[in-house]
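Engineer: I am attaching a structure below and will ask some questions about it afterwards.
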């Protein structure tokens with residue numbers, strides 16, 4: 001794992017997201033930076049297409065297409081930035097992601113969220129990573145397979161994560 005040390009206060013959003021795009025381009029297909037939608041916080045998202053069976057090392061995984069979407073909002077008025085790191089399976093309307101934002105303050109600064117389509121299924125506290133955004137990407141990417149595998153299903157719908165190791 002690479003550790004990135006830098007003065008986060010001097011980061012520029014476009015340059016950071018370009019660096020994330022470059023990092024993910026080595027491991028995934030069709031990696032692109034896009035402008036955030038009006039309903040999304042922050043300026044940019046980096047989207048990478050993923051072969052779930054290969055990424056999760058599971059030849060029988062239920063779907064064959066997924067994507068990883070991540071974005072950072074650097075200036076938040078908080079002592080730390082915000083980020084969203086999501087695994088999305090369009091065919092099953094599944095989202096599994098870590099969100100460091102101003103929602104769910106009762107769970108702490110970071111939560112792991114599972115959605116069934118646009119409907120949140122569960123939110124659970126997650127470890128806060130006080131590090132450079134590129135290190136956050138590396139660490140969440142490393143934890144992502146366990147988080148996706150931990151999702152429990154009932155009648156074809158996600159009902160939440162089981163035990164997630166971080």
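Engineer: Pairs please, first residue from the range 100-111 and on the phi > 0 side of the Ramachandran plot and surrounded by fewer than 15 Cβ atoms within 10 Å (Cβ to Cβ), second anywhere and modelled with pLDDT of 90 or more and part of a strand (DSSP E or B), Cβ atoms under 8 Å, 6+ apart in sequence or on different chains.
Structural biologist: As it stands, the answer is 108/125, since those pairs meet every condition given.
Engineer: Among the residues of the range 89-112, write down those that are over 11 Å from the mean Cα position of the chain (by Cα) and closer than 18 Å to residue 157 by Cβ.
Structural biologist: 89, 90, 91, 92, 93, 94
Engineer: I would also like to ask the following. Among the listed residues 115, 22, which satisfies the condition of being out of contact with any helix residue (DSSP H, G or I) (no Cβ under 8 Å at 6 or more places or on another chain) and either surrounded by 14 or more Cβ atoms within 10 Å (Cβ to Cβ) or within 30 Å of residue 156 (Cβ to Cβ) (or both)? Outline the logic, then answer.
Structural biologist: On the way: 22 fails: either surrounded by 14 or more Cβ atoms within 10 Å (Cβ to Cβ) or within 30 Å of residue 156 (Cβ to Cβ) (or both).
Being out of contact with any helix residue (DSSP H, G or I) (no Cβ under 8 Å at 6 or more places or on another chain) and either surrounded by 14 or more Cβ atoms within 10 Å (Cβ to Cβ) or within 30 Å of residue 156 (Cβ to Cβ) (or both) holds for just one of 115, 22, which is 115.
Engineer: Kindly indicate the residue of the range 36-69 that is crowded, with 20+ Cβ neighbours inside 10 Å and touching a helix residue (DSSP H, G or I) at 6+ places or on another chain (Cβ under 6 Å) and also farthest from residue 18 (Cα to Cα) among those meeting that condition.
Structural biologist: 66
Engineer: Can you tell me which residues in the range 102-111 are farther than 17 Å from residue 72 by Cβ and assigned to a loop (DSSP other than H, G, I, E, B)?
Structural biologist: If we filter the range 102-111 for residues that are farther than 17 Å from residue 72 by Cβ, which is where we start, we get 104-108.
Listed by number, the residues that qualify are 104, 108.
Engineer: Turning to a different aspect of this structure: Could you identify the single residue in 137, 96, 151 that is touching a helix residue (DSSP H, G or I) at 6+ places or on another chain (Cβ under 6 Å) and within 16 Å of residue 61 (Cβ to Cβ)? Quick ask: steps written out before the conclusion?
Structural biologist: Values: 137 fails: within 16 Å of residue 61 (Cβ to Cβ); 151 fails: touching a helix residue (DSSP H, G or I) at 6+ places or on another chain (Cβ under 6 Å).
The unique qualifying residue is 96.
Engineer: Give the range 125-134 a look and list any residue that's under 17 Å from residue 147 (Cβ atoms) and either over 15 Å from the mean Cα position of the chain (by Cα) or surrounded by 14 or more Cβ atoms within 10 Å (Cβ to Cβ) (or both), or say none. I'd like the intermediate steps shown before the answer.
Structural biologist: Start the filter on the range 125-134 by keeping residues that are under 17 Å from residue 147 (Cβ atoms), which leaves 125-129.
Listed by number, the residues that qualify are 126, 129.
Engineer: Something else now. Which of the residues spanning the range 144-155 are in contact (Cβ under 8 Å) with a residue 40 or more places away in the chain and either surrounded by 16 or more Cβ atoms within 10 Å (Cβ to Cβ) or over 12 Å from the mean Cα position of the chain (by Cα) (or both)?
Structural biologist: In the first step, residues of the range 144-155 are kept if they are in contact (Cβ under 8 Å) with a residue 40 or more places away in the chain; the result is 144-145, 147-149, 151.
Those that are in contact (Cβ under 8 Å) with a residue 40 or more places away in the chain and either surrounded by 16 or more Cβ atoms within 10 Å (Cβ to Cβ) or over 12 Å from the mean Cα position of the chain (by Cα) (or both): 144, 147, 148, 149, 151.
Engineer: I'm trying to understand the selection: among the residues of the range 112-139, which are in contact with a strand residue (DSSP E or B) (Cβ under 7 Å, 6 or more places away or on another chain), within 19 Å of residue 160 (Cβ to Cβ) and either in a loop (DSSP other than H, G, I, E, B) or in contact (Cβ under 8 Å) with a residue 60 or more places away in the chain (or both)? Even if it seems obvious, please write down each step before you answer.
Structural biologist: Going through the range 112-139, the residues in contact with a strand residue (DSSP E or B) (Cβ under 7 Å, 6 or more places away or on another chain) turn out to be 112-116, 120-128, 133, 136-137.
Narrowing further to those that are within 19 Å of residue 160 (Cβ to Cβ): 112-116, 120-127.
Across the range 112-139, the qualifying residues are 126, 127.
The values are calculated or read from the model by the stated rules, or taken from the named source; none is laboratory data. Quick caveat: nothing in here was measured; it's all calculated off a predicted structure. Virtual Cβ from ideal backbone geometry, glycine too; neighbours counted across all protein chains shown.
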